[in-house]
Amino acid sequence: MTFSKTRRLAMTGLRLGLLAVVVVLAFGPGFLEVGTMRLCAQVFLLMVLAMMWNLLAGYADIVTVGQHAFVGIGAYALYGLTAKAGLSLPVAILGAGAVALVLAVPITAIVFRMRAAYLAIGTWVVAEVCTLLASKIPGYGGATGITLPGQVIRALGGNVRDRFANLYWISLGLVVVAYLATALLLRSRVGVGLMAMRDNEEAAGAIGVNLVASRIICFLWAALFLGLAGGVLALLNLRIQPAASFSLIDYTVYVIFAAVIGGVGSIEGAIIGVLVYVGLRNAFSDYSNLYLMFLGALSILIMLVEPRGIWGLIRRVLPENIILVSHPYRGRAGREQGES
Amino acid sequence: MTADDALLRIDGLRVFHGKFEALPGVDMQVGAGEVVSIIGANGAGKSSLLKAIVGQVDRIEGEIAFGGSSLAGRATPAIVAGGIALVPEGRRLFPSLSVEENLSMGAEVGRKGEIGLDEVFGMFPILRERRRQRARELSGGQQQMIAVGRALMANPRLLLCDEISLGLAPTIVNDIYRILPQVRDRGIGIVVVEQDIGRSLKVADRFYCMLEGKFSLTGRPEETDRATVMKHYFGL
Amino acid sequence: MFDGLLNQLVQGVLQGGLYAMFAVGLSLSVGVMRLVNIAHGDFIVLGSFTLYSICTALGISPFLAMLIILPPAFGLGYLLQTLLFQRIVGKDILPVILVTFGLSIIIQNGLLMGYGPNPRDLNAGALETASLNLGGGVAVGVFPLLTFVSAVALIFALDRFLYRSRTGAKIRAVSDDVEAARLIGLSSRKIYATAMGLVMVTIAISACFMGVRTNFNPASGPSQLLIAFEAVVMGGLGSLWGTLWGGILIGLAQAIGARIALPWEVLSGHLLFLAVLALRPQGLMPKE
């Protein structure tokens, strides 16, 4: 057997393994504790957030530090659509995504007037504005927030176990859908154009790909899924509150660290990053400040040493990504700026 | 001239941009007070050669010796402070700086010496009139004068000129080329890289003709007939 | 209805002076090194806590303490640029954002561990409460006025330095075209390091004025960053005097917002920024 055949076999094995994990996970509520299901649901939702940040940073060349805006919008929309409009849960969750998508349009119009790092901080300003505005919407609990009404909680399931089982499935479903849909997006004309852009901006323009449109599509795409995740997070937390629903730390800082540690520019990276992050978080739960400092230092180190993160290290051994989307982010960081 | 008294001596120089070999191997010498022209078509590797001398390429093999000592491993600031100044292709001025400030940047990076603002203004009087204006407000020819002046302000022993006639009207090019003999008479070695063969050969004491990264012909302009040069220029 | 409006507007302008002070360092690092430093606000807060410790330990005035920390602040900036930022300044934005974001988190949590979450402030004695009555219902605090004057003086001094000194000319040269600088042998390293040293000096000065003017806690940094960023963008990237106008505009917007309803104070500044961005993305006073 040749070397390359061995490798191909190994890749097939890894892919089947991943599929098997997903199948086993689907039966999770049959054997998992309530607390574990809750943790898993959180992990799944974090994966969605990390995937979306990664879609923007790793492929569309948009680094945001304000994605908590859309998570919070999703949460507040879910409250409005259930508690105020009385819609059923599935419709309300989809509606949360839709509201985030719709609000993303004017936001895009403003923040896309800036580029690169300016755009990044621009999204942060937008998120800050959304947080402040959320505390001023009448009937949504002001700055202290509000608990989801009883009928919404009952609609999730008759008892605690059913509720968390449903949340678990919804979250798992959201990861799978977010992954498949994003993989399709990246294989479409939009994705191909973006990858061509990373290799050579002029060439991408020459083959007729509208890069601005592609990047806007990615931004709206991310807003949709962040909104969906935000809606589910509101159900998981059973309440909305400006500071918590629009949490910079939980939905942007951690997510960025997770995505970067795992590896920007690959979906595997987002998944690995979230797992590593949650594992470390539980290990360091008594030293949260120290842990955050460690994460900060780690992400600085990664940027200087291996900008493609853990998955970048693994890929030095592995011939290709398990989840085939594209060639990964080619980090150019760490290159000396000084005289050669 | 012999290799021993050469100001600049290059042996078997190969230049790489990443994996791409821009220059497959050249030997050349430049003496003090000598004008050496390098002619060659676009993409022949002329700019790579000049950039290699000032330490601005990814990687080189072979030897570059200046004033008898090797330049290997030296960074650009050290090379420039040691007496080599480049007039970069496309002028590369600092557009928001005044004429005088642009010139003074040359003094900042170079050696102490006799050439100062007054000498440069003596060579290019128009720059004295415009000394307070921003570089970008000047015409292309005047900007080229600043670029040459900036390099001279570094008081080099070797001056490298990359395509200084590019895109300029002939009369303005004359104004700039006119000063090269004065510079040479100060004992400064000059390397002129040009696509314009006629202009280049007129000013040169010696020339090298470059074809696909190698010197295909070398000699003194007065001893070489035009047809031979053209043949080696185009590789016919 | 217009009772005290003029007074509030004057206070807004003076507050804008403090914002301009925050912003001028960011303007410099953005203009010269194209470095959008997310930890800018956190460095200001770090400075305020450092001053707090010095003042508490030695029992001296915050202004004297500020003078003491100016040289080390310059050194810190110089080292930070040389050891860290120099490796990431370039075309890619991800490393710039991640590294400065990482620093921001490290500083915030380090301060939290060292000082706890409680707000502190710097005590400048009677100066803090003194005020001048200008008539017509307008009374200005001596300290806000001093802050504003200091901000203008700082910008004036930086402008002079950049446009009248040899080092300033070198800073502008690498800011114009760092590749060209490299080609002619002008090393950007020391120039960038010097510029970052200056940025830290402005941060140390801001830290003193902010600490006397308002309470601060370890989490105060990001809001200073956002305001500084808005002032820089509104003023036109890289324009120092533009940054002053940007700061004043935010101060005015906040004053007007606070007049409508106090909780709208901070929001008004952000909304003005977004409106300006939508209408005039190049800023109000773009650098030619």
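The values are calculated or read from the model by the stated rules, or taken from the named source; none is laboratory data. Keep in mind that what you see is a predicted model, and the values were worked out from it rather than measured. Note that each Cβ is placed from the backbone with ideal geometry, even for glycine, and that neighbours are counted across all protein chains shown. Remember, those area values only see protein heavy atoms, side chains included, never the ligands or the DNA or RNA. Shrake-Rupley method; radii C 1.70, N 1.55, O 1.52, S 1.80 Å.
Which of the three applies to chain B, rounded, prolate or oblate, going by the alpha-carbon gyration tensor with a ≥ b ≥ c and a/c under 1.5 meaning rounded?
prolate
Sorting A:Lys84, B:Lys202 by accessible area (1.4 Å probe), largest first, what list results?
B:Lys202, A:Lys84
Over the alpha-carbon set of chain C, work out the extent along each principal axis and list the three values in angstrom, largest first.
Cα spread of chain C along its principal axes, largest to smallest: 62, 48, 35 Å.
Given the protein chains as shown and a 1.4 Å probe, how many square angstrom of A:Val212 are accessible, to the nearest 10?
Counting only protein heavy atoms, A:Val212 exposes about 90 Å² to solvent.
At 222 nm, what helix-only mean residue ellipticity would chain B give, in deg cm²/dmol to the nearest 500, using -39500 (n - 2.57) for each DSSP H run of four or more?
One gets -9500 deg cm²/dmol as the mean residue ellipticity at 222 nm.
Expressed as a fraction of 2.2 N^0.38 Å, the rule-of-thumb size for a compact globular protein of N residues, what is the C-alpha radius of gyration of chain A?
Normalised Rg, Cα atoms only: 1.00.
Given the protein chains as shown and a 1.4 Å probe, how many square angstrom of B:Glu129 are accessible, to the nearest 10?
My reading of the accessible area for B:Glu129 is about 140 Å².
Could you tell me whether the protein assembly as shown comes out rounded, prolate or oblate from its Cα gyration tensor? Rule is a ≥ b ≥ c as square roots of the eigenvalues, rounded for a/c under 1.5, then prolate if a/b exceeds b/c, otherwise oblate.
oblate
In nm, what is the difference between 0.36 nm times the number of residues separating A:Val21 and A:Val212 and their Cα-Cα distance?
Result: 65.0 nm gained on full extension.
How many nm is it between the label spots at A:Val317 and B:Asp11, if each spot is 7 Å from the Cα in line with the beta carbon?
Label at A:Val317, label at B:Asp11, 4.8 nm between them.
For a Förster distance of 41 Å, can you work out the FRET efficiency between the beta-carbons of A:Met11 and A:Leu301, rounded to the nearest 0.05?
Approximately 0.90, to the nearest 0.05.
Can you tell me how much longer the chain between A:Arg239 and A:Asn159 gets when fully stretched, taken as 0.36 nm per residue apart minus their C-alpha distance, in nm with one decimal?
Fully extending the segment from A:Arg239 to A:Asn159 adds 27.0 nm.
With r as the distance between the Cβ atoms of A:Ile137 and B:Arg59 and R0 = 51 Å, compute the FRET efficiency 1/(1 + (r/R0)^6) and round to 0.05.
My answer for the efficiency is 0.25.
When the Karplus curve 6.51 cos²θ - 1.76 cosθ + 1.60 is applied with θ = phi - 60°, which whole-Hz ³J(HN,Hα) does each residue of the stretch A:216-224 get, with x for Gly and Pro?
5, 4, 4, 5, 5, 4, 4, 4, 4
Say each of C:Leu6 and C:Arg189 gets a label point 7 Å from the Cα, pointing the same way as Cα to Cβ; how far apart are those two points in nm?
5.9
Could you give the distance between the Cα centres of the stretch C:160-180 and the stretch A:221-265, to the whole Å?
Using only Cα atoms to place each centre, the spacing works out to 43 Å.
Determine the calculated [θ] at 222 nm for chain C from helices alone, applying -39500 (n - 2.57) to every DSSP H run no shorter than 4 residues and normalising by the residue count; nearest 500 deg cm²/dmol.
Estimated from H runs of four or more residues: -24500 deg cm²/dmol.
Quick check on the stretch B:8-234: of the DSSP beta bridges with both residues there, what percent are antiparallel, nearest 5%?
55
Computed on protein heavy atoms with a 1.4 Å probe, what is the summed buried accessible area for the chain pair A and C, in Å² to the nearest 100?
Buried area (both sides, nearest 100 Å²): 4600 Å².
If the convex hull of the alpha-carbon atoms of the stretch C:1-107 is projected onto planes in all directions, what is the mean projected area in square nanometres?
Mean shadow area of the hull around the Cα atoms is 9.7 nm².
In the stretch B:8-234, if the dipole is taken from +1 on Lys/Arg beta carbons and -1 on Asp/Glu beta carbons about the Cα centre, which of B:Met28, B:Gly189, B:Ile164 is farthest to the positive end?
The Cα lying farthest towards the positive end belongs to B:Ile164.
With a 1.4 Å probe and every protein chain left in place, tell me how much accessible area A:Thr144 has, in Å² to the nearest 10.
100
Among A:Tyr287, A:Tyr179, what's the order by accessible area (1.4 angstrom probe), most exposed first?
A:Tyr287, A:Tyr179
Apply 1/(1 + (r/R0)^6) to the Cβ-Cβ distance of A:Val177 and A:Leu275, taking R0 = 22 Å, and write down the FRET efficiency to the nearest 0.05.
0.65
Ignoring ligands, DNA and RNA, please state the percent of accessible area on chain C from carbon and sulfur, probe 1.4 Å.
Of the solvent-accessible surface of chain C, carbon and sulfur hold 66 percent.
What does DSSP give for the stretch B:151-224 in terms of the percent of beta bridges that are antiparallel, rounded to the nearest 5?
Given both bridge residues lie in the stretch B:151-224, the antiparallel proportion sits at roughly 50 percent.
Could you sort the peptides B:179-190, A:246-257, A:50-61, A:163-174 by per-residue average Cβ neighbour count (10 Å cutoff), highest mean leading?
A:50-61, A:246-257, A:163-174, B:179-190
So in the protein assembly as shown, what percent of DSSP beta bridges are antiparallel if you round to the nearest 5?
That works out to approximately 60 percent antiparallel.
Tell me whether the stretch C:8-57 comes out rounded, prolate or oblate; compute the Cα gyration tensor, take square roots of the eigenvalues as a ≥ b ≥ c, and use a/c under 1.5 as the rounded threshold.
oblate
Which whole-Hz ³J(HN,Hα) couplings does the stretch B:96-110 yield from phi under the Karplus relation 6.51 cos²θ - 1.76 cosθ + 1.60, θ = phi - 60°, glycine and proline marked x?
Ordered by residue, 3J(HN,Hα) equals 8, 7, 6, 3, 5, 5, 4, 4, 5, 4, x, 5, 4, 9, x Hz.
Simple spin-label model, 7 Å along Cα-to-Cβ: C:Phe161 to A:Arg189 in nm?
The two pseudo-label positions are separated by 5.3 nm.
Probe of 1.4 angstrom, ligands and nucleic acids ignored: what's the accessible area per residue over chain B, in square angstrom?
Here the residues of chain B average 41 Å² of exposed surface.
Rg to Rh for the stretch B:1-82: what is it, with Cα atoms only and Rh by Kirkwood?
0.95
Keeping the other protein chains in place, figure out the carbon and sulfur percent of the accessible area of chain A, with a 1.4 Å probe.
Its accessible area is 67 percent carbon and sulfur atoms.
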